[in-house]
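Asker: My structure is below; once you've seen it, I'll send some questions.
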Amino acid sequence: MANEIISYQEMCWREGISLQQGMNYRVKGDYSIILMSLRENAPYEDRVADDGTTIYYEGHDVGRTKDVPDPKSVDQPEYTPKGSLTANGKFHLAATKFKNGLAPADRVKVYEKVKVGIWTYNGLFELVDSWRETQNNRQVFKFKLVLVDEPENNEDAGADHDQLTRVIPSWVKQAVWKRDQGKCRQCGATNDLHFDHILPWSKGGSSRIPENIQLLCARHNLQKHAKIE
């Protein structure tokens, strides 16, 4: 469920793999997984567009080795030294095939780091574009992903509601987590938490202001939705 908060261990358990890398291409066969962070001092320049439904994700660097002590000083690799595609190369090829009409868009689950050991599920996205650009005198990959899964019970939402923003911005998540001290506002539980819209998104509630977002445990989140008419 989008906006659910989970630990790193639970995220790996749910996906059935140890998510050691940020880019995980088709690890489950029919979808890929990426891990992103918009926190201060994050290693890559990921960002969410103002519409809240589009992610621009930066490719990943070569690993640090004796020959490459500073990965940020060299181009992000498309191929390994043995000639096989890196994760950058696999995602880039998939996006290129989609743009050329040769394959449907790859689906990608996106998890975002809230703090050390704590993640939130941002939803299911489609990989629709990829390119290289110069950044700090080197070439990096950029990937564009667009949200495809829709919020539940959104039939009342107008087409222009909050510019169709459902994804809660990272700064809002971080502000809410700090304000609510990582606990359910109803019972103080610290497990099975969700970022919840106080005024539901489908009823016009905004994702962009901390005042409309709260932490609720799964039980109180379900109880609240059961009361919404």
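The values are calculated or read from the model by the stated rules, or taken from the named source; none is laboratory data. Here the structure is a predicted model, which means the values were calculated and not measured. No Cβ is skipped: glycine too gets one built from the backbone with ideal geometry, and neighbour counts run over all protein chains shown. All accessible areas refer to the heavy atoms of the entire protein, side chains included, with ligands and DNA or RNA removed. Shrake-Rupley method; radii C 1.70, N 1.55, O 1.52, S 1.80 Å.
Yes/no per residue for (1) touching a residue at least 40 places away in the same chain (Cβ under 8 Å); (2) under 27 Å from GLY117 (Cα atoms):
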{"site": "VAL27", "(1), (2)": "no, yes"}
{"site": "ILE34", "(1), (2)": "yes, yes"}
{"site": "SER37", "(1), (2)": "yes, yes"}
{"site": "ARG47", "(1), (2)": "no, yes"}
{"site": "GLU58", "(1), (2)": "yes, yes"}
{"site": "GLY63", "(1), (2)": "no, yes"}
{"site": "SER73", "(1), (2)": "yes, no"}
{"site": "GLY89", "(1), (2)": "no, no"}
{"site": "LEU93", "(1), (2)": "no, no"}
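Asker: I'm trying to understand the selection: among the residues of segment 1-40, which are of a type outside the set (Phe, Trp, Tyr), open to solvent by 50 Å² or more (accessible area, probe 1.4 Å) and farther than 25 Å from VAL128 by Cα?
Answerer: Within segment 1-40, GLN9, GLU10, ARG14, GLY16, SER18, GLU40 meet the criteria.
Yes or no, residue by residue, for (1) assigned to a loop (DSSP other than H, G, I, E, B); (2) in contact with a helix residue (DSSP H, G or I) (Cβ under 6 Å, 6 or more places away or on another chain); (3) not aromatic (Phe, Trp, Tyr):
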site	(1), (2), (3)
GLU45	yes, no, yes
ASP50	yes, no, yes
TYR57	no, no, no
VAL68	yes, no, yes
PRO77	yes, no, yes
ASN88	no, no, yes
PHE91	no, no, no
ALA94	no, no, yes
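Asker: Now, a different point. Suppose we filter ASN122, ASN137 for residues that are modelled with pLDDT of 90 or more and either out of contact with any helix residue (DSSP H, G or I) (no Cβ under 9 Å at 6 or more places or on another chain) or exposed (fewer than 15 other Cβ atoms within 10 Å of the Cβ) (or both); which single one remains?
Answerer: ASN137
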